[in-house]
Amino acid sequence: MGQPAVIADFDPPDRPWLSGHRGVDLQASDGDELYAPADGIISFAGSVGGKSVVSVNHGDLVSTFEPAHTEGVAGTAVRRGDVIGEVGGASDHCDGRCLHWGVRRVRLQNEGTATTYLDPLARVRPMRIGLKPD
């Protein structure tokens with residue numbers, strides 16, 4: 001999608017079970033191309049609760065897009081920058097004017113998995129690294 005405007009920022013909940021905005025909303029229209037933000041594998045493409053969703057597994061991170069659809073099937077490898085689908089389909093989130101992009105880290109633990117939602121924009125914005133003396 002190039003560099004779309006951000007309509008709604010990441011606003012994680014104080015506790016995992018509370019409400020919050022677990023991603024960012026990017027200005028988009030139905031039919032806009034959807035690009036892979038990093039190398040990965042399409043892990044899901046279909047409907048979740050009546051919403052059109054595409055998810056890409058990047059190893060320990062998973063990107064999820066809504067509303068989105070793809071001709072790719074689960075297991076399809078994608079490279080950063082590949083067109084993986086397009087904006088559109090069913091959603092109760094964006095009213096046809098945006099794409100919701102969520103990123104989560106999934107870790108296996110002794111009694112199941114732990115999911116941590118992350119700010120997607122922190123993964124794509126340039127950052128300055130400074131070294132401090134000992």
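At-a-glance table
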read-out: Residue 92 vs. criteria at pLDDT below 85, more than 15 Å from residue 7 (Cβ to Cβ), of a type in the set (D, E, K, R) and loosely packed, with under 10 Cβ neighbours inside 10 Å; value: no
read-out: Near pairs, Cβ below 9 angstrom, 6+ apart or cross-chain, from segment 105-134 (modelled with pLDDT under 80) to any residue that is hydroxyl-bearing (Ser, Thr, Tyr) and surrounded by 10 or more Cβ atoms within 10 Å (Cβ to Cβ); value: 107/115; 107/116; 123/63
read-out: Strands (runs of 3 or more DSSP E) completely within segment 59-124 that count 2 or more residues being under 16 Å from residue 41 (Cα atoms); value: 61-66, 83-87, 98-109
read-out: Filter result for residue 6 (crowded, with 20+ Cβ neighbours inside 10 Å and not small (Gly, Ala, Ser)); value: no
read-out: Elements of type strands (runs of 3 or more DSSP E) in segment 14-57, at least 3 residues being out of contact with any Cys (no Cβ under 9 Å at 6 or more places or on another chain) and loosely packed, with under 15 Cβ neighbours inside 10 Å; value: 40-48
read-out: Number of the exception - residue 7 against (1) over 14 Å from the mean Cα position of the chain (by Cα); (2) outside any loop (DSSP other than H, G, I, E, B); (3) within 23 Å of residue 115 (Cβ to Cβ); value: (3)
read-out: Selection status of residue 43, of a type outside the set (Asp, Glu) and at pLDDT 95 or above; value: yes
read-out: Residue that is nearest to residue 12 (Cα to Cα) [pool: residues in segment 95-104 that are in contact with a helix residue (DSSP H, G or I) (Cβ under 9 Å, 6 or more places away or on another chain) and buried (at least 23 other Cβ atoms within 10 Å of the Cβ)]; value: 103
read-out: From 70, 64, residue being within 28 Å of residue 114 (Cα to Cα) and touching a Leu at 6+ places or on another chain (Cβ under 8 Å); value: 70
read-out: Any chance residue 21 is modelled with pLDDT under 90 and out of contact with any Leu (no Cβ under 7 Å at 6 or more places or on another chain); value: yes
read-out: Lone unmet requirement of (1) at pLDDT 95 or above; (2) of a type outside the set (Asp, Glu); (3) closer than 18 Å to residue 119 by Cα for residue 75; value: (3)
read-out: Residue pairs meeting the criteria (Cβ under 6 Å; at least 6 apart or on separate chains; first of a type in the set (D, E, K, R), in segment 64-88; second not in a strand (DSSP E or B)); value: 66/91; 79/39; 80/36; 80/38; 80/39; 82/36; 86/31
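The values are calculated or read from the model by the stated rules, or taken from the named source; none is laboratory data. This structure is a prediction, so every number in the text was calculated from the model and none was measured. Positions of Cβ are generated from backbone atoms using ideal geometry, with glycine treated the same way; all protein chains shown enter the neighbour counts.
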